[in-house]
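Let me begin by presenting the structure, written as structure tokens, before commenting on it.
What follows is calculated from the coordinates using simple rules that are stated; it is not laboratory data. All values derive from a computational prediction rather than experimental measurement. Using ideal geometry, Cβ is built from the backbone for each residue, glycine included, and neighbour counts are taken over all protein chains shown.
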Amino acid sequence: MYNSHGSDQRHSGGGQNRFGQRSQAPRQMIQGNWQCSECQAEITELPFEPDGVRPILCRDCHRAKNANKPRRNF
Ligand SMILES: [Zn+2]
């Protein structure tokens, strides 16, 4: 008869949900060398991989575009 140290007694499987709280993964930045299609600024990293179809915007232009986006905010 072996003597277990009691580590196997409380093995409630799947009762705890410690996963699922941190769903925010760190955003992966893609390093490269592009040019902003608006102000021709140099872009060295992007939060997404450019597909060659969409214009690549630098951070400032991207923010400006988002700011110009019409919102239904009365
Ligand atoms: Zn720009």
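Quick notes on this structure:
Every residue, every condition in (1) surrounded by 11 or more Cβ atoms within 10 Å (Cβ to Cβ); (2) of a type in the set (Gly, Ala, Ser); (3) in a loop (DSSP other than H, G, I, E, B); (4) touching a Leu at 6+ places or on another chain (Cβ under 7 Å), yes or no:
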| position | (1), (2), (3), (4) |
| --- | --- |
| Ala25 | no, yes, yes, no |
| Gln28 | no, no, yes, no |
| Gln31 | no, no, no, no |
| Glu38 | yes, no, yes, yes |
| Ile43 | yes, no, no, no |
| Phe48 | yes, no, yes, no |
| Gly52 | no, yes, yes, no |
| Leu57 | yes, no, yes, no |
| Asp60 | yes, no, no, no |
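- Within region 43-64, the residues that satisfy the criterion of being farther than 24 Å from Pro26 by Cβ and not hydrophobic (A, V, I, L, M, F, W, C) are Gly52, Pro55.
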